[in-house]
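The values are calculated or read from the model by the stated rules, or taken from the named source; none is laboratory data. Note that this is a predicted model, so its numbers are computed, not measured. Quick reminder, even Gly has a Cβ in these numbers, built from the backbone with ideal geometry, and neighbours come from all protein chains shown.
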Amino acid sequence: MKKPSSKIREEIAKLQDQLRAAETREAERIGRIALKAGLGEIEIEEAELQVAFEEVAGRFRGGKAAATGKKNAGESRTGGEPSATVTPGANAGSAGEA
């Protein structure tokens, strides 16, 4: 028996709520780690920091992260700034948003 569209919409709404909650937990976890590492004190453009995070993610996925340079391209969310190498404990940054 097929589900009515109203039931499907309810299921979608529940799943969207679950997704938002999961993303919030992940963001809080990553934010705490970033603050402990001192990233909150570095002045760096958000797009540049996004590229650096993608490179780190690629490293832990076992491959090299290729930044696309396009915001929200596909499933990866990249900025449009050139790649930046971030070394642990480095306090070098450029002027811009924190």
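Assorted remarks:
- Where a residue in the stretch 37-49 is in a loop (DSSP other than H, G, I, E, B) and its partner, wherever it lies, is surrounded by 12 or more Cβ atoms within 10 Å (Cβ to Cβ) and acidic (D, E), with Cβ under 8 Å and at least six apart: E45/E81
- Within the stretch 31-78, being among the acidic types (D, E) and modelled with pLDDT of 55 or more holds for E41, E43, E45, E46, E48, E54, E55.
- Residue within the stretch 32-55 that is within 14 Å of the chain's Cα centre (by Cα) and of a type in the set (K, R) present: yes
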